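No lab work stands behind these numbers, since they all come straight from the coordinates. These figures come from a predicted structure and were not determined experimentally. Neighbour counts are summed over all protein chains in view; Cβ atoms, including those assigned to glycine, are modelled from backbone coordinates with ideal geometry.
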Amino acid sequence: MIWGVLQFPGSCDERDALYACMIATGEARLVWHEDRDLSGIDAVVVPGGFSYGDYLRAGAIARFSPAMEAVAEHAAAGKPVLGICNGFQVLCEAGLLPGALLRNEGMRFVCRQVELVADGESLSIPAKHGEGRYWAPEETLDALEESGQVAYRYAPGQNPNGSARDIAGVANEAGNVLGLMPHPEHAVDPLTGSTDGLRVFQRLEGVLR
Amino acid sequence: MVELEAEDPERLAELCEKLLANPLIEDYEIQTL
């Protein structure tokens, strides 16, 4: 499986994502934001950072980049896409995922290790963001719950930003596009305290099988 | 507030819907000066 990791002006986590993808599956390459060519790439990571300086809103400009046009086609073809933090914001702005990410409830940037729960398992990975409060209309949240699109939640008492219903990550209806506010790419090496992040990449790998 | 010169003011609403505002979480108002 070959991963492509997008790189926008202002991205800052693309190298860690590249490393995480290589640990997870062995092959990965960077994709510059002006590049429309995703040929040979099986799965895409839209990484964290501050694409285009977060001007207007986080992800508002990045969604119009040539690379994101290619990502939309890639997603429509049922191939895996993982948006992390700013990447999650970009995917929401692009309409590839429902909802939006708002300023944290406490109006402060948070940086801490958080516990997530998904399908009965728990993961410990770091979160670092100022605009990570997941929001969607109540009817959309109900629909997400019913269709099983809430992919990750903060464990009880761990919600660092006031996200609705403790939602940390959501998937699209088909399940091939996943957005997550905490950073699995920073939790792939025992040296940094957790390798739970690898399971997020492996989850997307499963889409191809 | 965003100030801009537009050649075609008829398209300002479209510009707001697609870029300047996220209609899911933001309202917008257009004032012509």
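Based on the Kirkwood radius over alpha-carbon pairs, what value in µm²/s does the Stokes-Einstein equation return for the translational diffusion coefficient of segment A:89-168 at 10 °C and 1.306 mPa s? Kindly include the intermediate steps, with their values, before the conclusion.
Values: Rh = 12.9 Å.
So the translational diffusion coefficient is about 123 µm²/s.
For A:Glu27, what charge total do you get from the other residues with a beta carbon under 13 Å from its beta carbon, if Lys and Arg give +1 and Asp and Glu give -1?
Residues near A:Glu27 contribute -1 overall.
Would you list A:Phe88, A:Phe64, A:Phe201 from fewest to most Cβ contacts within 10 Å?
A:Phe64, A:Phe201, A:Phe88
From the phi angles alone, apply the Karplus equation (6.51, -1.76, 1.60; θ = phi - 60°) to segment A:83-89 and give each ³J(HN,Hα) in whole Hz, x where the residue is Gly or Pro.
x, 10, 6, 4, x, 4, 4
Arrange the following residues from fewest to most other Cβ atoms within 10 Å of their Cβ: A:Trp3, A:Trp32, A:Trp135.
A:Trp32, A:Trp135, A:Trp3
Treating only the Cβ atoms of Lys and Arg (+1) and Asp and Glu (-1) as charged, compute the dipole magnitude of chain A about its Cα centre; round to the nearest 20 debye.
380 debye
Restricting to chain A, compute how many DSSP beta bridges are antiparallel as a %, nearest 5.
Restricted to chain A, the bridges split so that about 60 percent are antiparallel.
Can you work out the Karplus-derived ³J(HN,Hα) for every residue in segment A:180-197? Use 6.51 cos²θ - 1.76 cosθ + 1.60 with θ = phi - 60°, whole Hz, and x for glycine or proline.
9, 7, x, 10, x, 5, 8, 10, 10, 9, x, 4, 9, x, 7, 10, 5, x
With each run of n ≥ 4 DSSP H residues scored as -39500 (n - 2.57), what mean residue ellipticity at 222 nm is computed for chain A after dividing by its residue count and rounding to the nearest 500 deg cm²/dmol?
For chain A, the value works out to -7000 deg cm²/dmol.
Given all pairs of different Cα atoms, what value in angstroms does the Kirkwood hydrodynamic radius of the protein assembly as shown take?
With all distinct Cα pairs of the protein assembly as shown included, I get 18.1 Å.
Taking the Cβ of A:Leu102 as the centre, find all other residues whose Cβ is under 9 Å away and add up their charges (Lys, Arg: +1; Asp, Glu: -1).
That sum, taken over residues with Cβ under 9 Å, equals 0.
If you stretched the chain out fully between A:Asp189 and A:Ala174, how much longer would it get, using 0.36 nm times the residue separation minus the C-alpha to C-alpha distance?
Working: separation 15, 0.36 × 15 = 5.40 nm, distance 3.02 nm.
Length gained, A:Asp189 through A:Ala174: 2.4 nm.
Alpha carbon centre of segment A:137-209 versus segment A:1-78: separation in Å?
Rounded to whole Å, the Cα centres lie 18 Å apart.
Would you work out if segment A:15-134 is rounded, prolate or oblate? Take a ≥ b ≥ c from the square roots of the eigenvalues of the alpha-carbon gyration tensor; rounded if a/c is under 1.5, else prolate when a/b is larger than b/c, oblate otherwise. Numbers along the way, then the final one.
Numbers: a/c = 1.73, a/b = 1.21, b/c = 1.42.
Here segment A:15-134 falls in the oblate category.
Would you grab the residues whose amide H sits under 5 Å from the one on A:Ala168? Only those 5+ places off in sequence or on another chain, please, with H modelled 1.01 Å from N.
Residues meeting the criterion, in which the H sits 1.01 Å from N, are A:Tyr152, A:Arg153, A:Tyr154.
Working from the alpha-carbon coordinates of segment A:110-156, get Rg over Rh, Rh being the Kirkwood radius.
Rounded to two decimals, Rg over Rh is 1.01.
Could I get the Rg over Rh figure for segment A:160-209? Both from C-alpha atoms, Rh via Kirkwood, rounded to two places.
So for segment A:160-209, dividing Rg by the Kirkwood Rh gives 1.02.
Provide A:Val5, A:Val31 in ascending order of the number of other Cβ atoms located within 10 Å of each residue's Cβ, fewest first.
By the 10 Å Cβ count, ascending, the order reads A:Val31, A:Val5.
7 Å from Cα along Cα→Cβ at both A:Leu208 and A:Arg165: what's the point-to-point distance in nm?
Calculated label separation equals 3.1 nm.
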